[in-house]
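Report on the structure given below.
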Amino acid sequence: MSIAGHTRAILTLGLPMVGGHLAQFAIGLTDTVMMGWYGVPELAALTLAASYFFTLFLLGAGFAWAIMPMVATFAATGDEVQIRRATRMSLWWSILFFAAVMPLFWFSGPILLLLKQPEQSALLAQTYLRIAGWGMLPALGVMCFKNYLAGLEFTRVVLWVTIAAAVVNGFANYGFVFGHWGAPEMGIAGAALASTVSNTAAFALVVLYALRLLPDHQIFVRFWRPDWEMFGRVFALGLPIGLTTLAEAALFAGSAVLMGWIGTIPLAAHGVAIQIATGTFMIQLGLSNAATIRAGNAVGRRDAAHLAVGAKVVIVMGGIAVAFSIAAFLLIPDILLGAFLDKNDPARDDIIAAGRGLLAMAALFQLVDAAQVIHLGLLRGLQDTRVPLITAAFAYWGVGMPAAWVFGIALGFGGVGIWLGLTLGLAVAAVALAWRFWTVGVATLEPALAREALRD
């Protein structure tokens, strides 16, 4: 396939995935905005509860992400039986994970109090989590079916289902939180109910679509029957993916703690800058998903040339997207930061001043973050997850977090120093993951091509 052909294929796969990630990002943003309108104690509790929920969700979602490269590889060989087996066992693991973590949602109040959280925030967060926890099962189910469909290159439905969930979530939030349209005013419990309703609606939509589009796969026929060999394969691939994602999320959570040591204004600036950087990161995440699918296809066909050329194309596309992000961060930081702040907030000018330095550092941050997440996606397409887990965990926590503390706290560089440390950690991950893909990963298909790729 030509470079133009690879570009069209990646855009066809990647743009709907990018849109889906942006829609998912909008769901969290909507929850935060509406709870901010409702009350400050509830907003603080939602922030705490969302972090708690998201941490567990990321771990469990690894079993769903595992089937994207598996399905892509099986689809390349036309093996529908293996596609069905992998998807079923991913759903099994999601159900088991939900059963394991539901007690952690139900007794989240005492757990949060043990973590020295304020009593009011802990109790309100528990109220949220006891309801939202039931939404974990359909949320993981949605992830399984999204990745099943994406592995088959049906990515547009992933976008439309996520947009539908965002719309349902927005209307349900407005009704249940504030008591509109005849619904009771439930406050933070209403936000939890809205989340559960939107996850359930999304699950129903994606299942109906999949069953209608691909009835021959018979995903739910004899669903109760165990398949221990595939059960083990999904676990072996999915657990490292979940742990890798969790390690990166924990890195950013830890950076927020360091920011809190510096002061309220730097912490607020950090929160806004992270929101902006996360929005642009969704583009890279979508390209990473497309890279996983294309790499999985190449493995199924044993096509080393397809793998190498496709990888180069998606890396260049990620670089182009980064260039636009860097331009925005450096040229219009005040506009970007000001969009998240109340014009009448007395701390607005101080937060924007602190945020300018963070967005300047984010310009460099974006480059290495894009490189590491795209190479991570390529390696997942090769079903290589254990070594990348060790590599990424070391880069994030052996380099990134200690460097953030040294530059930000010990040397007194403040928020910019903390972000410099994060950038170094992500840079180490990017270099190590790129080295593994181009030397070990490509060589799994064609050793001679690996040498040629390195020369290029």
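The values are calculated or read from the model by the stated rules, or taken from the named source; none is laboratory data. In this text the structure is predicted, and so the values were computed from the model without any measurement. Note that each Cβ is placed from the backbone with ideal geometry, even for glycine, and that neighbours are counted across all protein chains shown. Note: accessible area is taken over every heavy atom of the protein model, side chains too, but ligands, DNA and RNA are not part of it. Shrake-Rupley method; radii C 1.70, N 1.55, O 1.52, S 1.80 Å.
Return the total of residues in segment 237-267 being closer than 19 Å to A64 by Cα and free of Cβ contacts under 8 Å to residues at least 60 places away in the same chain.
Residues that pass the stated criteria total 0.
Mind listing whichever residues of segment 343-376 are open to solvent by 30 Å² or more (accessible area, probe 1.4 Å), modelled with pLDDT of 85 or more and either of a type outside the set (A, V, I, L, M, F, W, C) or in a loop (DSSP other than H, G, I, E, B) (or both)?
R356
For the subset of segment 224-235 comprising residues that are open to solvent by less than 80 Å² (accessible area, probe 1.4 Å) and over 28 Å from the mean Cα position of the chain (by Cα), which member is modelled with the lowest pLDDT?
The selected residue is P226.
Return only the number of the condition from (1) more than 27 Å from F63 (Cα to Cα); (2) touching a Pro at 6+ places or on another chain (Cβ under 6 Å); (3) modelled with pLDDT of 85 or more; (4) open to solvent by 30 Å² or more (accessible area, probe 1.4 Å) that W405 does not satisfy.
(2)
Out of everything in segment 101-110 that is in contact (Cβ under 8 Å) with a residue 40 or more places away in the chain and of a type outside the set (S, T, N, Q), what residue ends up being surrounded by the fewest Cβ atoms within 10 Å (Cβ to Cβ)?
L104
Name, by its number, the condition in (1) farther than 13 Å from I131 by Cα; (2) part of a helix (DSSP H, G or I) that does not hold for G182.
In the conditions (1) farther than 13 Å from I131 by Cα; (2) part of a helix (DSSP H, G or I), G182 misses (2) alone.
Output the number of residues of segment 65-90 satisfying the condition of being open to solvent by 10 Å² or more (accessible area, probe 1.4 Å) and either of a type in the set (S, T, N, Q) or touching a residue at least 60 places away in the same chain (Cβ under 8 Å) (or both).
11
If a residue must be in contact (Cβ under 8 Å) with a residue 24 or more places away in the chain, open to solvent by 20 Å² or more (accessible area, probe 1.4 Å) and either within 15 Å of P333 (Cβ to Cβ) or outside any helix (DSSP H, G or I) (or both), how many such residues does segment 273-285 contain?
Result for segment 273-285: 2.
Can you tell me how many residues in segment 169-197 are within 15 Å of M136 (Cα to Cα) and in contact with a Pro (Cβ under 9 Å, 6 or more places away or on another chain)?
Number satisfying all stated conditions: 1.
Please determine whether any residue of segment 289-299 is in a helix (DSSP H, G or I), modelled with pLDDT under 80, of a type outside the set (K, R) and under 29 Å from M68 (Cα atoms).
No, every residue in segment 289-299 fails to be in a helix (DSSP H, G or I), modelled with pLDDT under 80, of a type outside the set (K, R) and under 29 Å from M68 (Cα atoms).
If I ask for residues that are under 15 Å from P41 (Cα atoms) and crowded, with 24+ Cβ neighbours inside 10 Å, which ones from segment 172-187 would you list?
Within segment 172-187, V177 is the sole residue that qualifies.
Kindly provide the set of residues from segment 1-10 that are open to solvent by 40 Å² or more (accessible area, probe 1.4 Å) and at pLDDT 70 or above, ordered by number.
I3, A4, T7, R8
Within the bounds of segment 11-19, is there any residue that is open to solvent by less than 20 Å² (accessible area, probe 1.4 Å), without any contact (Cβ under 8 Å) to a residue 60 or more places away in the chain and either farther than 25 Å from W224 by Cβ or of a type in the set (S, T, Y) (or both)?
Checking segment 11-19: not a single residue is open to solvent by less than 20 Å² (accessible area, probe 1.4 Å), without any contact (Cβ under 8 Å) to a residue 60 or more places away in the chain and either farther than 25 Å from W224 by Cβ or of a type in the set (S, T, Y) (or both).
Being closer than 13 Å to L11 by Cα and among the aliphatic types (A, V, I, L, M) is the filter; apply it to segment 286-301 and report the residue that is surrounded by the fewest Cβ atoms within 10 Å (Cβ to Cβ).
Ranking the qualifying residues of segment 286-301, first place goes to L287.
Can you pull out the residues in segment 11-28 that are of a type in the set (G, A, S) and under 16 Å from F154 (Cβ atoms)?
Those that are of a type in the set (G, A, S) and under 16 Å from F154 (Cβ atoms): G14, G19, G20.
Limited to segment 377-400, what total is found for residues that are part of a helix (DSSP H, G or I) and open to solvent by 10 Å² or more (accessible area, probe 1.4 Å)?
11
Show the residue pairs that are 6+ apart or on different chains and have beta-carbon atoms under 6 Å apart, the first residue being within segment 387-415 and among the hydroxyl-bearing types (S, T, Y), the second being surrounded by fewer than 21 Cβ atoms within 10 Å (Cβ to Cβ).
That search, which allows pairs on different chains as well, returns T391/A432; Y396/A247.
What are the pairs, 6+ residues apart or on separate chains, where a residue within segment 321-337 that is surrounded by fewer than 20 Cβ atoms within 10 Å (Cβ to Cβ) has its Cβ under 9 Å from a residue that is among the basic types (K, R)?
Partner pairs satisfying both residue conditions: D334/R356.
Tell me, please, whether a residue that is of a type in the set (V, I, T), touching a Gly at 6+ places or on another chain (Cβ under 7 Å), part of a helix (DSSP H, G or I) and closer than 20 Å to A75 by Cα can be found in segment 197-215.
No: zero hits.
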